[in-house]
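What follows is a short report on a single structure.
The values are calculated or read from the model by the stated rules, or taken from the named source; none is laboratory data. Everything quoted here is computed from the prediction, not taken from an experiment. So basically every Cβ, Gly included, is an ideal-geometry build from the backbone, and we count neighbours across all protein chains shown. For accessibility, only protein heavy atoms count, side chains too; no ligands or nucleic acids. Shrake-Rupley method; radii C 1.70, N 1.55, O 1.52, S 1.80 Å.
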Amino acid sequence: MPARSFRVMNVVGARPNMMKMAPLFKEMKSADFFDPILVHTGQHYDYDLSQVFFEQLQMPQPDHNLEVGSGTHHSQTAAVMERFGKLVQDCRPDMIVVVGDVNSTMACALVGAKELIPVAHVEAGLRSGDRTMPEEINRVVTDAVSDLLFTTEEGAADNLRREGIPQERIHFVGNLMIDSLVHGLDAARRSSLKARMGLKAKGYVVLTLHRPANVDDPTRLLKTLKVVAEIAQEYPVVFPIHPRTKARIANLGFDGTREWSEGIEGPGILTIPPASYLDFIGLVDEAALVITDSGGLQEETTYLGVDCLTFRENTERPVTLLHGTNRLVGTDPGALLREAKIVLHTPHSNSHGSQVPPPLWDGKTASRIVSVLQEYLLKNVVGPSLRRAG
Ligand code: UD1
């Protein structure tokens, strides 16, 4: 590696970080300019939530795994800061790159700021306006301490400017997660999961639910599941189930779900373990409808032109409402049922390929980010070899 390679520390922590980091890390690896290091905080540690994504997204194993595991928000954040802080003091990177809005994102950005190492935040400027969401706190704090803010949609820059972030730090580069989607789509379409589950194209619904606001209150969760069971009388509902949701449902005594295994077909709510990236994209691609409280899935359905009902009061990704197939239904289960019936019973115009994705959701975001990083590092940071010599 050339003496003037810049050491860039790239952080992943939880599942939704993986599809953002994979294309960026690959792009950095292919340029002599960078000496990229991959750090996994270990916020997610189950095979299904972590390792399988490294395999399918062809990401190398992390250079460092901090193995912080689960905990309260503050203990998890503190553990990441403590362990990542030590690593940063040992390695002295020239730059730290964080993605998304999970606890690991904020914790590592704070470490960078306190160690006076420039921080780049990918997916900056998204705001739900709802500070009861842990992710919203993570977004605001991360953006406040980052030196480079890479945005996925045009409105994000307005949010950042409103918070006093200077324009020259903001770079509209598009959606890095869509790079992974573009790259993986053919393989996802070859996934055998749909066929094994006996699902027909546009003949089933995909459900994901994991936000504390939706799953932690047993009464609310039960009401929601009853509504989903009603939808599932007509269309099978495939429910890849996050560990926290699984634990909550187990405590409810609700018997309207069936754990899918080979041979089980037909209507009903079919739960499966958290799906791998390619199986999941393959499922979503041909769903008649997606019901979700996830952030990333609002974007993936937008790109794929699949109808999506977001079971939340707000979204930090308004471009998916303006430009895509996403509809915000609020958190009333009755409203969810009404909207789902409308979508499932009305022939809709958002068929595959008929829509234009939001600006710069084109699979080329990683290369745009790398160009900005390169320019920034050359202008503002003395490379490691020079620093040591000085
Ligand atoms: C985290 C992110 C959320 C993201 C989600 C994607 C924060 C604040 N939240 O939420 O933005 O949408 O990831 O999945 O960072 N658990 C396991 N195995 C694991 C990881 C977690 O069983 O590998 C269980 C543990 O019981 C844990 C719970 O899931 O307490 C929640 O995990 P945590 O990482 O705290 O948050 P998520 O709900 O996964």
- Note on the structure: For the stretch 62-73, in residue order, the Karplus 3J(HN,Hα) values (coefficients 6.51, -1.76, 1.60; θ = phi - 60°; whole Hz; Gly and Pro = x) are x, 5, 9, 10, 7, 6, 6, x, 8, x, 5, 4
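Any chance you could run the full-extension gain for E375 through R338? It's 0.36 nm times the residue separation minus the Cα-Cα distance, nm to one decimal.
Details: separation 37, 0.36 × 37 = 13.32 nm, distance 5.08 nm.
Here the segment from E375 to R338 would lengthen by 8.2 nm.
When ranked by the protection proxy of mean other Cβ atoms within 10 Å per residue, highest first, what sequence do the peptides 332-339, 94-101 form? Don't jump to the answer; show the numbers that get you there.
Working: 332-339: 16.2, 94-101: 27.2.
In descending order of packing, they fall as 94-101, 332-339.
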- Message: Could you sort the peptides 319-326, 21-28 by per-residue average Cβ neighbour count (10 Å cutoff), highest mean leading?
- Response: 21-28, 319-326
- Query: Each label point is 7 Å from the Cα along the Cα-to-Cβ direction; what then is the distance between the points at E82 and E154, in nm?
  - Reply: 4.7 nm
- How large, in percent, is the carbon and sulfur part of the accessible surface of the chain at a probe radius of 1.4 Å? 52 percent
- Message: Please list, ordered by chain and number, the residues whose modelled amide H lies under 5 Å from the amide H of T41; skip anything fewer than 5 residues away on the same chain.
- Response: V12, G13, L66
- Task: Using θ = phi - 60° and the Karplus relation 6.51 cos²θ - 1.76 cosθ + 1.60, list the HN-Hα couplings for the stretch 274-279 in order, rounded to whole Hz, with x at every Gly or Pro.
- Result: x, 7, 5, 4, 5, 4
- Query: Counting Lys and Arg as +1 and Asp and Glu as -1, each charge on the Cβ, what is the dipole of the chain about the Cα centre in debye, to the nearest 20?
  - Reply: 220 debye
- Item | Per residue accessible area of the chain, 1.4 Å probe, in Å² | 41 Å²
- Item | Per-peptide average of other Cβ atoms within 10 Å, ordering 215-226, 359-370, 282-293 highest first | 282-293, 359-370, 215-226
- Task: Step through the residues of the stretch 163-178 one at a time and calculate ³J(HN,Hα) from phi using the Karplus curve (6.51 cos²θ - 1.76 cosθ + 1.60, θ = phi - 60°), rounding each to whole Hz and writing x for Gly and Pro.
- Result: 8, x, 7, x, 3, 5, 8, 9, 10, 7, 10, x, 10, 4, 5, 6
